[in-house]
Amino acid sequence: GYRDPVLVAATDGVGTKLRVAIDTDILDTIGIDLVAMSVNDLIVQGAEPLIFLDYYATGRLDPAVGARIVAGIAEGCRLAGAALIGGETAEMPGIYSGKDFDLAGFAVGAVERDRVLPRPDVRVGDVVLALASSGVHSNGFSLVRKLVADNDLAYGDPAPFAAGRTVGEALLQPTRIYVKALLAALRTTTGAIKAMAHITGGGLTENLPRVLPATTAARIDLAAVNVPPVFRWLANIGAIEPGEMLRTFNCGVGMAIVVAAEHADDVIASLTASGETVA
């Protein structure tokens, strides 16, 4: 169905969020994070994810553990509309000890050559929309783990910021996959979306400027963003300044979208219909 497609590839891991998953034995959703980190990087270029491969390395393979992890990867691919066509499982004794393991993912997508993002016509007067994150996603976990340890908390303790869940369960809320909602918006509001930024390490402060022309800057109304309780909790127990929070965490914004002002309402309507929360 493509006229003049360009292939786009992305690769990523889950970072030290893996440590929380291993220590809590909550392994069923970490695969969703793995897929999300790559496919969300594809969609910001306008590309539809086609295929995904995973790399799973451990000291000694436990088939039951591997099945739980791969089930999460398969669910992530379902959410992204990508085919899980294979991968690699490596036993590496002496490199990984005990239950430790590592994950990496590789995604390939396609986009029409004349629809690659960001577009060159981003200009003053365009509007920046924010899609809500599902939580911490997969960045900043080295600091998260330090704050949990410094405050004598255990991952099995009740989460002060999420009623009915443990600290570990709440922190391991998987990264939201925005692919299907954004593909629908791209297709139903042709030409309205000019650029997108996946808000990962570096937060809004570093990720959004990468997709803007050097002669422009974004004015962000932080008061319009619904900040999930987990970020207020982290800022409080770590006495973290707002600027540092914005550089370290997504702070409630998983994806930023630059749209032409006259089409903003149409894009918001499309994203909302797909189940996204837009600010």
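The values are calculated or read from the model by the stated rules, or taken from the named source; none is laboratory data. All of these numbers come straight from a predicted model, not from anything done at the bench. Cβ coordinates were reconstructed from backbone atoms using ideal geometry, including for glycine residues, and neighbour counts include every protein chain displayed. These area figures cover heavy atoms from the full protein model, side chains too; ligands, DNA and RNA do not enter into them. Shrake-Rupley method; radii C 1.70, N 1.55, O 1.52, S 1.80 Å.
Among Ala80, Ala197, Ala67, which one shows the biggest mean-square fluctuation in a GNM of the chain, springs joining Cα atoms closer than 10 Å? Looking only at Ala80, Ala197, Ala67, the biggest GNM fluctuation is shown by Ala67.
With a 1.4 Å probe and every protein chain left in place, work out the accessible area per residue of the chain in Å², rounded to a whole number. Write down the numbers at each step before the final one.
Working: 12780 Å² over 279 residues.
I get 46 Å² per residue for this part.
Which of Arg232, Arg219, Arg19 moves most in a GNM of the chain, Cα contacts under 10 Å? Greatest mean-square fluctuation among the candidates belongs to Arg219.
Give me the one-decimal Kirkwood hydrodynamic radius in Å for the chain, with the sum taken over alpha-carbon pairs. Can you show the working numbers first?
Numbers: mean 1/r = 0.0513 Å⁻¹.
Computed over Cα pairs of the chain, the Kirkwood hydrodynamic radius comes out at 19.5 Å.
When all protein chains stay in place and ligands, DNA and RNA are ignored, the 1.4 Å accessible-area order of Thr189, Thr277, largest first, is Thr277, Thr189.
Residues whose amide H falls under 5 Å from that of Ala83, counting only those 5 or more places apart or on a different chain, are Ile51, Phe52, with hydrogens built in the peptide plane. Taking only protein heavy atoms and a 1.4 Å probe, the accessible area of the stretch 143-264 is 52% carbon and sulfur.
Quick one: ranking Lys180, Lys194 by accessible area, 1.4 Å probe, largest first, what do you get? It would help to have the intermediate numbers written out before the result.
On the way: Lys180 110, Lys194 10 Å².
Largest accessible area first, the list is Lys180, Lys194.
Let's see if you can work this out: charge +1 on each Lys and Arg Cβ, -1 on each Asp and Glu Cβ, no other charges. What is the dipole magnitude of the chain about its Cα centre, in debye to the nearest 20? Please report the intermediate quantities before stating the final value.
Values: 22 positive and 31 negative charges, 69 e Å.
About 340 debye.
In the chain, the calculated helix contribution to ellipticity at 222 nm averages -10000 deg cm²/dmol per residue, counting -39,500 (n - 2.57) for every DSSP H run with n ≥ 4. Coordinate range of the alpha-carbon atoms in the stretch 16-137 per principal axis, descending: 54, 28, 24 Å. The separation of the stretch 66-123 from the stretch 225-279, counted between C-alpha centres, amounts to 24 Å. Mind telling me which of Asp102, Asp126, Asp25 comes out most flexible in a GNM of the chain, alpha-carbon contacts under 10 Å? Highest fluctuation among the options: Asp25.
The residues Tyr2, Tyr56, sorted by heavy-atom accessible surface at 1.4 Å with ligands and nucleic acids left out, run Tyr2, Tyr56 from largest to smallest. At the residue level, Thr188 shows approximately 100 square angstrom of accessible surface with a 1.4 angstrom probe and all protein chains present. Annotation for the stretch 161-199 versus the stretch 45-64: alpha-carbon center distance of 20 Å. Within the chain, DSSP assigns beta bridges of which about 80% are antiparallel (rounded to the nearest 5). Charges were assigned to the Cβ only: +1 to each Lys and Arg, -1 to each Asp and Glu. The resulting dipole of the stretch 115-250 about its Cα centre is roughly 680 debye.
Once you sort the root eigenvalues of the Cα gyration tensor of the stretch 98-144 as a ≥ b ≥ c, which label holds: rounded (a/c under 1.5), prolate (a/b larger than b/c) or oblate (the other case)? Before the final figure, lay out the partial values.
On the way: a/c = 3.85, a/b = 1.64, b/c = 2.34.
In terms of gyration-tensor shape, oblate.
Less than 5 angstrom separates the built amide H of Thr89 from those of Tyr56, all sequence-distant by 5 or more or on a different chain.
Expressed as a whole percent, the accessible surface of the stretch 30-131 that belongs to carbon and sulfur atoms is 58, based on a 1.4 Å probe. Bridging of Lys17 to lysines at a Cα separation below 18 Å is possible for Lys99, Lys146, once same-chain residues fewer than 8 apart are set aside.
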